[in-house]
Amino acid sequence: MPEIIKVGMADLNTCKAPDGITTLGLGSCCGIAIRDPVTKIGGLAHIMLPDSTEIRNNNNIPKFADTGIRELVKRMEALGASKSRMVAKLAGGATMFAFQSASNSMHVGERNVAASLKALKELNIRVLSQDTGLNFGRTVIFYPETGDYVIRAVGKPEKII
Amino acid sequence: MADLSLDALSEQYYDVLKELGNIGAGNATTALAQMLGAKVDMSVPSVKLLEFKDVGDCMGGADQIMAGIYLRMEGDVDGSIMFLTGQKEARYLANKLIMQDKSDDEPFDEMELSALKEIGNIITGSYLNSLATMTNLKMIPSVPYVAVDMAGAILSVPAIEFGLMGDKLLLIENRFSDDVQISGYFILLPDIDGYKKILGSLGIDISMFE
């Protein structure tokens, strides 16, 4: 029986096909799914904040887009995945509450997506697709076997990107 | 000066929050009872300090559908406040307020979302008043914003704000009961300066955070 591995908020993990990997209720956080299509090793990072260099209390590696994605790639490589073959998909980064005020922390969803894309680019990992932004939460399941990234939202049909 | 970290939270601060939970919930219960025109009881609140990855589980799973009402606050202390309750409970409260009888799984319409905002407004207002009285600080809430979505998604908003300061989320759980039991979670999120002001005004030594 294939297992589905759970990833919490500010957390990351890896898996190998036929297992899948999931994170529940992505809001303004961003879920970055990466896979190596040859070894079928996959990983998922659930990051909360864009940049570890912006705040001083930054020891929690999976919390940030920059450090979290780097760590995920490192762990996948340790399992035998090759960075040059890795491809990524992205979900989350929603704006949950319609705030008028344009304070920095309110646009954290958008900034999380931008920072994730930047971190992936720096690692030369191609982004195949993304389902980001808007104003609703997403539960995601990633299957490294096929690369399917299943996205569920309340009151909306299931989507595969 | 080092950043204030919530992870270094003192016993004393915990007690302060418990007390705030008590008084705030007491006031909120009275306000709720008046608004709903019903008798509402409350139990002793519990204060929880959770790791981010355990946050969803505390509410029965990060994909549980919940209603969250979020307000900004300004004044002597800047920050935000959130009240969260389950979809069933939110439906019950909205039904009661609008005097209708819709089933749990129907989506909320504009009118019902507005009712939820009002409920959130009154509950968070009660907490804020208690805190303002305790600390003698002025805190003015903004208009309420509401979202009905997965617990994890709603909680990501306060979690991210907590995330700027530490690795844990702090919430106060209250149970109210009317004909049904209603669990509500209250999250108070002053910004870093706000924490210092609140603790300082309560006579707590904040040098440990410096």
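What follows draws every value from the coordinates through simple rules; no lab data is involved. None of these values were measured; they are calculated from a predicted model. Glycine also receives a Cβ, built like all others from the backbone with ideal geometry; neighbour counts cover every protein chain displayed.
Odds and ends about this structure:
- Equivalent ellipsoid dimensions for the protein assembly as shown as semi-axes, Å, which come from the Cα gyration tensor, largest first: 37, 25, 16
- Aspartates and glutamates with Cα under 14 Å of residue A:118, excluding same-chain neighbours fewer than 8 positions away: A:51, A:66, A:110
- Percent antiparallel among DSSP beta bridges (both partners in chain A, rounded to 5): 75
- Label zone at residue A:118 (point 7 Å along Cα-to-Cβ), backbone N below 11 Å, the range A:9-52: A:50-52
- Test item: A:56-62 mean partner chain Cβ contacts at 10 Å: 3
- Peptide A:17-27 has a mean of 5 when you count, residue by residue, the C-beta atoms of other protein chains within 10 Å of its C-beta.
- Rg over Rh for the range B:9-204 works out to 0.95, both radii taken from alpha-carbon positions and Rh defined as the Kirkwood radius.
- If you look at the Cα atoms of chain A, you get an Rg and a Dmax of 14.7, 49 Å.
- Summing charges over neighbours of residue A:107, with a neighbour being any other residue whose Cβ is under 15 Å away from its Cβ, gives -2 when K and R count +1 and D and E count -1.
- Estimated 222 nm signal from helices in the protein assembly as shown, with DSSP H stretches of n ≥ 4 weighted -39500 (n - 2.57), rounded to 500: -10500 deg cm²/dmol
- Considering all C-alpha pairs of the range B:35-137, those separated by over 17 Å amount to 63%.
- Note on residue B:164 and residue B:110: the extension gain reaches 16.1 nm, defined as 0.36 nm multiplied by sequence separation minus the Cα-Cα distance.
- Ranked by the mean number of other Cβ atoms within 10 Å of their residues, highest first, the peptides B:69-77, B:57-65 come out as B:69-77, B:57-65.
- Residue (of B:81, B:67, B:93) at the positive-pole extreme of the range B:2-128, dipole from beta-carbon charges: B:93
- Estimated translational D of the range B:130-194 in µm²/s (Stokes, Kirkwood radius over Cα pairs; 4 °C; 1.567 mPa s): 91
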